[in-house]
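Structure, as C-alpha cells:
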C-alpha cells in the first residue's frame, strides 16, 4: 500500500503522533517507550524527505529520530493548555 501526503499533511501527522505518544507515555516513570514510539520513528524517518529536518533529526548517540525544540515547543503549549483545562474542569 502507498499513501501520499502533502508536506502540510505530513507535518500535521507527525504532530498528532507526537501528541498521542506524549499522552500515552508521559505518566510512565521509567524509560519504557509508549505504544506509539515505533510508529513515530517510522514516520519521523521521512522528515528529511519532506524538508522538515529542522523539526525531526536523527541522533546517532541515541540511534533514533528525535523532535527538535522548534518542533516540540508549540506542541508543549497545546499540552499545557490541555492540562490547565483539565484542572479547571476537574
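Taking the chain and the helices (runs of 4 or more DSSP H) fully enclosed by it, the elements with 1 or more residues that are free of Cβ contacts under 8 Å to residues at least 12 places away in the same chain and within 10 Å of the chain's Cα centre (by Cα) are at 7-25. Give the residues of the stretch 43-55 that are touching a strand residue (DSSP E or B) at 6+ places or on another chain (Cβ under 9 Å) and over 24 Å from residue 77 (Cβ atoms), sorted by residue number. Hits for the stretch 43-55 are 45, 46, 48. For the stretch 61-73, what are the residues that are surrounded by fewer than 10 Cβ atoms within 10 Å (Cβ to Cβ) and more than 18 Å from residue 46 (Cβ to Cβ)? Matches in the stretch 61-73: 61, 62, 69. Scanning the stretch 1-33 for residues that are modelled with pLDDT under 90, surrounded by 13 or more Cβ atoms within 10 Å (Cβ to Cβ) and closer than 20 Å to residue 73 by Cα yields 21, 22, 23, 24, 25. Checked against the criteria, residue 87 does not count as modelled with pLDDT under 95 and closer than 23 Å to residue 9 by Cα.
The values are calculated or read from the model by the stated rules, or taken from the named source; none is laboratory data. What you are looking at is a predicted structure, and each value in this text was computed from that prediction instead of being measured. Quick reminder, even Gly has a Cβ in these numbers, built from the backbone with ideal geometry, and neighbours come from all protein chains shown.
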